[in-house]
Every structure is written in structure tokens, then in C-alpha cells.
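What follows is a single structure, written as C-alpha cells, with notes after it.
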Amino acid sequence: MLHIVKYPHPVLRFASRPVERIDEDLKAVVREMFSLMYEARGVGLAANQVGLPFRFFILNVTADPEQKDQELVFINPEIVKRHSWDDDEEGCLSFPGLYSKVRRPKKVKVRAYNLAGEEVEFESDDLFGRAMQHEADHLDGKLFIDYLGPLARHGIKGNLRTFESEFREAQKAGTYPDDAEIVKRLKEMPAPSLAAIASPAAADA
Ligand code: NI
């Protein structure tokens, strides 16, 4: 059983490793990630947001579980083209309730592999393009709050403090090990025998 981890869980700052093969384990993880994403009413979710330090993310810009044809999986994605700039509001499932204006390239082209192992390419200058960038950033341990200027940063200080204290409480309660132990386990985690290792219960055992 996977779950969405929140800031400041160290996996959100961890540079993920490439996916080396697409197998049934990976497909099962992807299915579970879509369920979690819909439950949280999100449009995208990166693997490290469910505790798995591997380079893939999922998207459905409609956020509608009925629209299965809008479901996309990006494995080992790369942004191959960026063009002009745009500011828009962003949120993140690892920062529930927090939204902020983020400046990003407006138009991007992304190359990746899909679940069938085929190379795919997507180009977009709207929400879809922004979402691909946001999720690709996650795989490098980069978060949308990193783009904020000093004033916006100041404005969200209280929110970050709340996330921070909730996470430290969860560690004290034994839901998560301490940061050093989490990082150690992330480094050792084999791909992609994923699900068993990533759940908090297993991490606890
Ligand atoms: Ni996010």
C-alpha cells in the first residue's frame, strides 16, 4: 500500500534513478498511483511522492477517473525544448492546500517512454505543459516552492512550518524513520520491487 508523502519528507529532495525495465511490478505501482492521485484530486503525481526514488510520473490533466484515455505515464522523461515564459498558479499533492504563482517556460516538448516501452513525445503550452514540468522537477528533487521570490516565500513560511512540524511529529510517532535512515533506505532500494518497501508500515518494520 502506497501513500502520498508530504513535505519535508526527504524523498522529495532525492534525485531519482532511471527506470531500467517495465514489468508487472511497475504497472501495479502505476495503477495504485492513479488511484491515489484521483483520491487527492490531483492532475499529476511523481514516483518519489509515493516514496519511490525512480524516474517516472503520471498525469491526467482532467483529474477525472472516468477519463482513462487522458491517463499518461512518463518513464525516464526529458524536457527537450523550452520556449518563452508564463506565470500561473500551482499546487502540489505533497503540499496540500498550498498554492502559489510559479514562473516557468510556457511551451515545452517532453520525450519519455510509455508503459508499453515506446518512445513518446508531447508538446504543450498550457496546463499540460506546466504539469509535465512540475512533475519532471520532482524527479530531480526540485519543488515548486523553489521558484518563489523572497516575498512569496515569506508569505508561505507559516504553511511550511506547519508541514515541517507535522512531519517531525509523524517521525516521533514512528510512522517514518529519521531522515538519515530514510535516505539510507532510498539509496539501497532496488528497482522496481517497489511496493513492499515503500509503505510506512514496512519502513517501520
Ligand atoms: Ni507536485
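The values are calculated or read from the model by the stated rules, or taken from the named source; none is laboratory data. Predicted model, so just to flag it, every value in this text is computed and none were measured. Please note: Cβ atoms are built from the backbone with ideal geometry, for glycine as well, and neighbour counts cover all protein chains shown. Note: areas computed on protein heavy atoms with side chains; ligands, DNA, RNA excluded. Shrake-Rupley method; radii C 1.70, N 1.55, O 1.52, S 1.80 Å.
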For this session: Take the chain, connect every pair of alpha-carbon atoms lying under 10 Å apart with a spring to form a Gaussian network, then pick out the residue of 152, 191, 63 with the largest mean-square fluctuation.
Result: 152
Problem set entry | Along each principal axis, Cα extent of segment 6-108, largest first, Å | 39, 32, 29
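Counting helices only, and only those DSSP H runs with n ≥ 4, report the 222 nm mean residue ellipticity of the chain as the sum of -39,500 (n - 2.57) divided by its residues, in deg cm²/dmol to the nearest 500. Each step should come with its number before you reach the end.
Numbers: 7 runs with 70 residues, N = 205.
-10000 deg cm²/dmol, from helical runs alone.
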Exercise. How far is it, in nm, from the label point at residue 157 to the one at residue 69 when both lie 7 Å from their Cα along the line to the Cβ?
Worked result: 5.0 nm
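Over the chain, give the accessible area per residue in Å² for a 1.4 Å probe, as an integer. Working shown, then result.
Numbers: 10410 Å² over 205 residues.
With the other protein chains kept in place, the chain gives 51 Å² per residue.
Within segment 1-156, what whole-number % of the accessible surface is contributed by carbon and sulfur, with the 1.4 Å probe and all protein chains included in the calculation?
C and S fraction of accessible area: 48 percent.
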Exercise. Measuring from label point to label point, each 7 Å out along Cα→Cβ, what is the residue 122 to residue 20 span in nm?
Worked result: 2.7 nm
Exercise. For residue 86, what is the net charge nearby, where nearby means another residue's Cβ is under 14 Å from its Cβ and Lys, Arg count +1, Asp, Glu -1?
Worked result: +1
For this session: Pull out the extension gain between residue 84 and residue 175, defined as 0.36 nm times the separation in residues minus the alpha carbon to alpha carbon distance; nm, one decimal.
Result: 28.4 nm
For this session: Highest first, please rank the peptides 93-102, 12-21 by the mean number of other Cβ atoms sitting within 10 Å of their residues.
Result: 93-102, 12-21
Seminar exercise, completed: Filtering the chain for DSSP H helices with an axial alpha carbon extent of at least 18 Å and a Kyte-Doolittle mean of at least -0.5 returns 24-39, 127-139
For this session: Considering only 32, 164, 181, give the residue with the highest GNM mean-square fluctuation for the chain, with springs between Cα atoms whenever their separation is below 10 Å.
Result: 181
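Going by the alpha-carbon gyration tensor, a ≥ b ≥ c the square roots of its eigenvalues, is the chain rounded (a/c under 1.5) or, if a/c is not under 1.5, prolate (a/b greater than b/c) versus oblate?
Working: a/c = 1.70, a/b = 1.09, b/c = 1.56.
Oblate.
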Exercise. Cβ under 14 Å from residue 32's Cβ, residue 32 left aside: what net charge do those residues give with Lys, Arg +1 and Asp, Glu -1?
Worked result: -2
For this session: Sequence neighbours fewer than 8 away in the same chain don't count; with that in mind, list the lysines whose C-alpha is under 27 Å from residue 107.
Result: 68, 81, 142
For this session: Rounded to whole Hz and in sequence order, give me ³J(HN,Hα) for segment 114-122 from the Karplus expression 6.51 cos²θ - 1.76 cosθ + 1.60, θ = phi - 60°, writing x for Gly and Pro.
Result: 8, 5, 7, x, 8, 6, 10, 9, 10
Exercise. Under 20 Å from the Cα of residue 172, which lysines turn up, not counting those fewer than eight places away in the same chain?
Worked result: 6, 184
